[in-house]
Structure formats: structure tokens, C-alpha cells
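The next block holds one structure in the form of C-alpha cells; read it before the comments.
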Amino acid sequence: MRALLFALLFLALPAVAVEPEEILDDPALEARARAISKDLRCLVCQNQSIDDSNAELARDLRVLVRERLVAGDSDQQVVEFVVARYGDFVLLNPPVKPHTWLLWFGPVIILILAASGVALYVGRRARPIGIEAEPLTAEERARINAVLRDKDKP
Amino acid sequence: MIAEIGHYGLVLALLLATVQSTLPLAGAARGHPGWMALGPAAALGQLIFLGLAFAALTWAYVVSDFSVANVAQNSHSAKPLLYKITGVWGNHEGSMLLWVLILALFGAAVALFGGNLPETLRVRVLAVQGMVGFGFLLFILFTSNPFDRLAMPPADGRGLNPLLQDPGLAFHPPFLYLGYVGFSTAFSFAVAALIEGRVTAAWARWVRPWTLAAWSFLTIGIALGSWWAYYELGWGGWWYWDPVENASFLPWLAGTALLHSAIVVEKRDTLKSWTVLLAIFAFSLSLIGTFLVRSGVLTSVHAFAQDPERGLFILVLLIIAIGGSLALYAVRAPTLRSTAVFAPISREGALLVNNLLLATACATVFLGTLYPLFLEALTDEKVSVGPPYFNATFLPIIAPALVAMAIGPLLAWKRGDLGRAMSRLWIAGLAALGVAVLSYVAAGGDGILAALGMGLAGWLFMGAMVELAERIKLFRAPLGESLSRARGLPRAAWGMTVAHAGVAVVAAGVTASGAWKTESIQAMRAGDSVEVAGYTFTFEGVKTVPGPNYRAERGTFTVTRDGRPVAVLTPEKRFYPVAQRDTTEAAIHTTWLADLYAVISEPGADGAWSTRIYHNPLVPWIWIGVIVMGLGGALSLTDRRHRVGAPRRTRAEAGAAAPAQA
């Protein structure tokens, strides 16, 4: 489907993303770069991370991420650097902020609401099987007898 | 001339849809058999005329009639015949035509095979189906007519996007649409039941096979798209939580829930209004998916139908269909209440848990997919919602569903015994533990969560087997008796076991490929070799080979393991001169436990090619598991009870709770 979408959008070509010459010599640093890249959006693409994209901008960002890492930035500093330039839109993992509260807490709220709905439904329906109904009081019994006697009269 | 016949066919189909959605409905209300008889006839006629229109467009593609605008824009005379035909639905207009053709196909199927339905119900179902067809035929004729002519036909066409020139296009969209549009039948049944103000166990029995068929097609269709992306895009991934993928996944989640809740309606005559609502939701989500993909609302930059007119038209259709059916639901649902007792620990209780989790998962994916759109529309804030969000929210919701999936089928209807079910599942628990530990060790102590995921898959698979063993009294009765019991099991029961086992296989594939993928990116010259996951890939260089309408650079890798040859991989990079575009063709060798996946991309200035090689563990299991799931659906569909239906008996027993058979 994504293929279809891409084809129809006439956007990025489906070539490889990370090119060999971009890769850092230090495998630990490279692994961090890959992890960071996976969560950064290629801004000119359709919902694609810079790690997946071969767009020019994605390549620039990948190189930038690696430059910052080599310069000694922590992962968080790298991400903050990119966000400072491009805004939250660049994050594929949206930060928890007032305007994403509904997004992040929504599933929990939905689950709680749905579970309470189910509990309410079952609670109303689940007459515990095996337990007999409460016995009638003497007064109720007398009233039933009275009603039944009335019925029998012609 | 042929194109005009096709156009004319569309118009006639529209007229028949008008008849189909009005007169029979009035006939059903007034008990006028003549008017009611128009319904099935119009449904069959619609199929014939849309078939004619579709054949006309296909003909225009096959003979490369570039005086038809749609053909000129999307085809080329040098294209192989297969892609001339599949190119019919590789564009907006043609794919909408396929959409209504499949809608008509389901309508005609109800007309032909719905003989066991009460006449008024069948006619009302067809009328609702006709209304949907009416809306979409109007849409095609007014905004997306595939038969528009060009005054000045070009000498040759613009060609089909090279990415779509793949056998995947032949199967993926038709299957996807058979699923998407197939839910229209469940929707029509739901709306018809609301019109009649009556949902019975018999209704559920009739609606199940249609839902099951749509579900099976959609399952296969989604997997085909995923598989296509996997081998065609060359990223080694198969699912990206892309909005377009989500658009097809949403109706699947709702449809899966519907499939299960309809069983509760059939067996226990309860959950009726919820089931009707799910049927409305499943098709509404299909419509929303169509809207998202067709209107181009997903991208502000550029899209499928750039024309805002089309987006607006579908949006209005959407509002009428969804709003109308929900309004009818609001009015009629209170009459659908049932008084059946509902115990939490029971088969129906487990199915309710399934529905709770699937509906929540569906709502979550919906939220994540549409949140950026709504946020931007309402506040101008832009936010991206990518795979990290969906993995963080969807997986925790679906994991408990997989746990419950093994337990539910072991609980009896009305009143189940959880302790007894769990004690039967000891072997599944053992399997879960064993698989988890084994995969943890095999992965070299990497990924505790993934190991747990594998354990979950093992639990589910053994759970399905335990359930089957229970039914046929395996090892508790003589083998002969078990075999005869197995033969006597209803096909629907077999279908469930097979489908659940398929889910387990998919779960294992999804977990392993996500967690333990190995990737290696490097520049290689002929003769270089690289070690990936224990396999040695030796690059033999690149040759240029001609294709029918492209030129390919074909790289060759010989793969060995411990010096023994394993495979020769020949990934290609193709150049299509008509479109002036490249495509990547990944080369994949599957060992059934993993895929060895190789892609070549660019030659560097120094003559070395950049290559990427993946070892994707258990990816083949995803495809196998999905096929098994689809087979499970098909098996269940062949259950005699779905066709015979035995409506009278079921209706008589409905009040006194139908016996628990399956």
C-alpha cells in the first residue's frame, strides 16, 4: 500500500536510504545515529523517517545527526538540536505536550471507558447463577396469595 | 465507440441503482411483491452493466486507445500486456470503477445466494447496497469519469508508474477492495435490520458468512500490499504504520471484532445492538479509508486526486452514509435490547473481551492516524505520528487479546470454568515458556520483550491445538474415536482453530522480524564479500540486461554458509525511460526460517556499488500465517450451517437461548 501511495505521489524514489559513505566508523556511535534517525521525520516525505528516505533533505539530516554525535552530543542533545531547527513536526514519536495529551492519553481513556461500559453491561446482566432469589417476606407472600385468590374468583 | 459503451454502462448502472434503492424498499414496506422483485433484478443488472463498463475500459487499455484521457495518462503502448490490464485499476478513475464493480458483485451475490433470507430482508439489504452504489456511481460520473475522451489524442501514453509495474498490482488492489467493499454487505444487513427493527439469531447467522468472506479477502489483501512493499521498496521492512496502511487496517480490526460478536448474537441472542453498530463501523471505516486515500487529505503537498472537488464529494457521501446509518441506529437501537443472562466467565464473556480490546485497538489506530489532520485543522499545530507511537500504544492493547484468544474457546457458553480451562492449557503455558527461553537464548540474550512476544505466539499456537484436542478428545478416547470426532467437527470450528493458529504464526513472524533483523550497508566491488548473520555474501559484479520496457542493472551475489553454497541473489536496479524513473528490485532467498534479502543501489564514482543486505528472521512466517488465517476463514465459510441457515428453528429457539453447538 505504501508502494502504491508512493507511486501515486511521485515523491521519493525507492532507493536505499543510508549510504555507505555516511556510516560512521565507530559502530556504537553509528548505532546511536540509526536509532535517532528512525524517530526523525523526513520533512518532505510522506510519513517516512530520515533513516528510510533517500530524499536530499533526509540525507542532510542524517549527516547532521552524525556530525553532532561525533562532536560529542548526547542523543537527547542531538534531537533537541534538530527540533530547535524544524519544530516538533520532525519527531515521529510526538512529545507529550498539551496539544498531544489527547493523542497519548486517548487510548487509555478509551480503554477505561470501554471497560467500564462492558463491566456495567455484564454487571447488570450477570445474575449470579446458582444462587437462589431472596425468599419472600411473610407480607409479600400474603399479598400474592390475596392476588391469586382474587383471580380464581369468577 | 467502445469507451462510449462503457460510459453508457455506467449511466445504466446508476439508473438501476436508483431503482434498486427505492421501489423495492417501498414494496417491502407495503408488501408489494412486484416492487420487491425489482431489487434482485436490478442488482444483477447493475453487475452486468458495470461488468460491461469495466470490460470497455480494459479493452481501451489493451488496445492502447489514447483518445481516452485515462488511458493516455496512465498507459503506454510499450508496456507488457499484464501491466496494461492491471493498469486499469492503477489510477484513480479506474480504481473507483473497480470499487463499484465489486460493490455490484456483492449486491448480485446477495441477490443470487440470498434465497434463504426472508424476502423483505433480502430486498432491504439490496436496497441499502443500491444506495451505496448510487452514491459512488454519481461520484464516478461527475468527478472521475474514466471514459472521458481527448479531442487531440497523443501519439503515446504517459505510462504507468514503474513502481506499479509489478505482479503485485494484479492482486493487491482487487483483494483489498473485495475486503473493503465486502463489508458493505454487513453494513447493508445492519441497516436493513434497523429498518425492520429486529435483530435475531437468524440475522446473525446470515450476516456471518458475508462478513467472513470480506474479512478473509481483506486479510489476504493487506498482506499482499505488505508483501509488495517488502520486496519492491527495498527497505527490508513490511509495515510502516503509514496512514494508507492504517486505512486498510482499521476496517480489518472492526471487521474482526464484528466476526466475533456476530457469533454471540447467533448463539446467545445478545450483544445485538453492539453488533449492528460494529457492522456500521466496519464499512464506515472502509469508506473513511477510501476517502483518506482518494481525497489526498493525507498530504497537504500533493496527492492522488489533487482536485478538491473529489475530496469534498466523497466527504459528503461519507457524512450521508455514516451519519444516516448512525442516526437510524440511534432511533432503533433501544428496541434491540435482549434479556439474556450474561455471565462474565463464559464463551460470550471472552468474546466480549475480544471486542473490547479490538475496538480499543481500532480506536487507537484511528486516533493516531487522524490526529495530525484534526490538530492541524483545529489549531494549526503540526505533529507527526509515526511508528513509535503505534508500537507504544497498539502492542500493549493487542498482547492481552492474544493471551485471551487461547483461553476463550475453552470456556463453555453461558457459564465457563476458568480454572478448568487454565488447567487444560498447561501444555500451552509450557510451550510459551519454552519458546520464550529458546528464542532468548538463540538471540544471544538480546531483547527480553521480543522473547516474551515469541512466548505469546507459542502460547496461542498450542492453545489452538489444545482446544482442537479437547474437542476431539485426543488421548482421552481411542484414536479411532478422536478421528471420527475430528471428521464430525463443524467446518466453522476447524476454521477457528486454523485461523487462530495462523495468528500465532503471524505473531511470531512480526516479533522476530522486528526484533532480530540484521542489516549491513556497504560499498562493494566485484569479488568483495561480507558476512551477515552467519552467511557470506560475495558480490560478483553488475551486468546490464534489457527488459521489455526498462533497462536493468543486475547485481549478482553468491551466498554461502560455512563454505557451502546457499543461494544466488540477483537484485536489480531498473530504469524506465518512459517515466524517467528508477525502481529497486530486491532479491530474496527464503530459508523459511529467515529471508536473505539483497538490494543494490548506486554505483559510486570509484566503481563500487552501494549494497544493503538484510537477514530478516521469520518474515516468511508472516506470509504463511496470513495465508493460514485466510484459509481458516475460507474453511469456516464452507460450513454447511452458514448456507442452510435453518432460520425457522433458530428463530423459534431464539427466546429460549439457542443450544451451544460450536
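The values are calculated or read from the model by the stated rules, or taken from the named source; none is laboratory data. None of these values were measured; they are calculated from a predicted model. Every residue, glycine among them, receives a Cβ derived from its backbone with ideal geometry; neighbour counts consider all protein chains shown.
Looking at the structure I just gave you, is A:Pro107 assigned to a loop (DSSP other than H, G, I, E, B), at the interface with chain B (Cβ under 7 Å from one of its Cβ atoms), modelled with pLDDT of 90 or more and closer than 26 Å to B:Tyr389 by Cα? No; evaluated as a whole, the condition is false for this residue.
Only a single item in (1) over 23 Å from B:Asp606 (Cβ atoms); (2) free of Cβ contacts under 8 Å to residues at least 60 places away in the same chain is not met by B:Tyr576, and it is number (2).
Given the criteria modelled with pLDDT of 90 or more, under 25 Å from B:Ala247 (Cβ atoms), out of contact with any Ser or Thr (no Cβ under 9 Å at 6 or more places or on another chain) and surrounded by fewer than 24 Cβ atoms within 10 Å (Cβ to Cβ), does B:Ser188 qualify? Considered against the rule, which asks whether it is modelled with pLDDT of 90 or more, under 25 Å from B:Ala247 (Cβ atoms), out of contact with any Ser or Thr (no Cβ under 9 Å at 6 or more places or on another chain) and surrounded by fewer than 24 Cβ atoms within 10 Å (Cβ to Cβ), B:Ser188 comes out as no. Selection within region B:584-612: residues that are of a type in the set (S, T, N, Q) and under 13 Å from B:Glu572 (Cα atoms). The member of this set that is farthest from the other protein chains (Cβ to nearest Cβ) is B:Thr611.
The rows are residues; the columns are (1) among the acidic types (Asp, Glu); (2) within 14 Å of chain A (Cβ to nearest Cβ); (3) in contact with a His (Cβ under 9 Å, 6 or more places away or on another chain).
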position	(1), (2), (3)
B:Trp516	no, no, yes
B:Gln522	no, yes, no
B:Arg525	no, yes, no
B:Val530	no, yes, no
B:Lys543	no, no, no
B:Gly547	no, no, no
B:Glu553	yes, yes, no
B:Val559	no, no, yes
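Of all the listed residues (A:Arg2, A:Arg41), the sole one being farther than 18 Å from B:Ser601 by Cβ, modelled with pLDDT under 80 and basic (Lys, Arg) is A:Arg2. Would you mind stating whether B:Phe366 is assigned to a helix (DSSP H, G or I), of a type in the set (Phe, Trp, Tyr), in contact (Cβ under 8 Å) with a residue 40 or more places away in the chain and at the interface with another protein chain (Cβ under 10 Å from one of its Cβ atoms)? Yes: the conditions hold for B:Phe366. Every condition in (1) within 28 Å of the chain's Cα centre (by Cα); (2) in a helix (DSSP H, G or I); (3) more than 8 Å from every other protein chain (Cβ to nearest Cβ) is met by A:Arg124 except one, and the failing one is (1).
Assigned to a helix (DSSP H, G or I), out of contact with any His (no Cβ under 9 Å at 6 or more places or on another chain), under 30 Å from B:Ser338 (Cβ atoms) and β-branched (Val, Ile, Thr): does that describe B:Val293? No, not satisfied. Number of residues in region B:577-595 that are part of a strand (DSSP E or B) and touching a Phe, Trp or Tyr at 6+ places or on another chain (Cβ under 6 Å) equals 2. The number of residues in region B:110-145 being small (Gly, Ala, Ser) and either in contact with a Cys (Cβ under 6 Å, 6 or more places away or on another chain) or under 23 Å from B:Tyr8 (Cα atoms) (or both) comes to 5. Got at least one residue in region A:52-70 being modelled with pLDDT of 90 or more, within 14 Å of chain B (Cβ to nearest Cβ) and in contact with a Phe, Trp or Tyr (Cβ under 9 Å, 6 or more places away or on another chain)? Yes, that holds for at least one residue.
Could you check how many residues of region B:482-495 are in contact with an Asp or Glu (Cβ under 8 Å, 6 or more places away or on another chain) and within 18 Å of B:Val628 (Cβ to Cβ)? Summing the residues that are in contact with an Asp or Glu (Cβ under 8 Å, 6 or more places away or on another chain) and within 18 Å of B:Val628 (Cβ to Cβ) in region B:482-495 gives 3.
All of (1) under 30 Å from B:Leu194 (Cβ atoms); (2) more than 11 Å from every other protein chain (Cβ to nearest Cβ); (3) not in a helix (DSSP H, G or I) hold for B:Ala412 with one exception: (1). Return yes when B:Thr360 is in contact with a His (Cβ under 9 Å, 6 or more places away or on another chain) and within 11 Å of another protein chain (Cβ to nearest Cβ) and no when it is not. Against the criterion (in contact with a His (Cβ under 9 Å, 6 or more places away or on another chain) and within 11 Å of another protein chain (Cβ to nearest Cβ)), B:Thr360 does not qualify.
Within region B:217-240, the residues that satisfy the criterion of being within 24 Å of B:Ala401 (Cα to Cα), at pLDDT 90 or above and within 10 Å of chain A (Cβ to nearest Cβ) are B:Gly221, B:Ile222, B:Ser226. Please indicate, with yes or no, whether at least one residue in region B:505-521 is over 13 Å from B:Leu618 (Cβ atoms) and β-branched (Val, Ile, Thr). So far as region B:505-521 goes, yes, one or more of its residues are over 13 Å from B:Leu618 (Cβ atoms) and β-branched (Val, Ile, Thr).
Assess whether B:Val265 counts as being under 22 Å from the mean Cα position of the chain (by Cα) and at pLDDT 90 or above. The answer is no for B:Val265. Kindly evaluate B:Gly51 against the criterion of being within 25 Å of B:Phe171 (Cβ to Cβ) and either of a type in the set (Gly, Ala, Ser) or assigned to a loop (DSSP other than H, G, I, E, B) (or both). Criteria met by B:Gly51.
Residues in region B:613-631: is at least one surrounded by 19 or more Cβ atoms within 10 Å (Cβ to Cβ), within 13 Å of another protein chain (Cβ to nearest Cβ) and at pLDDT 90 or above? Among the residues of region B:613-631, at least one is surrounded by 19 or more Cβ atoms within 10 Å (Cβ to Cβ), within 13 Å of another protein chain (Cβ to nearest Cβ) and at pLDDT 90 or above, which makes the answer yes. Filtering region B:405-428 to residues that are under 31 Å from the mean Cα position of the chain (by Cα) and surrounded by fewer than 18 Cβ atoms within 10 Å (Cβ to Cβ) leaves only B:Ala412. Remark: B:Leu194 matches the filter, which requires a residue to be over 21 Å from the mean Cα position of the chain (by Cα) and not acidic (Asp, Glu). For region B:113-156, a residue qualifies if it is closer than 30 Å to B:Val199 by Cβ and either exposed (fewer than 15 other Cβ atoms within 10 Å of the Cβ) or in contact with a strand residue (DSSP E or B) (Cβ under 6 Å, 6 or more places away or on another chain) (or both), and the qualifying residues are B:Phe113, B:Gly115.
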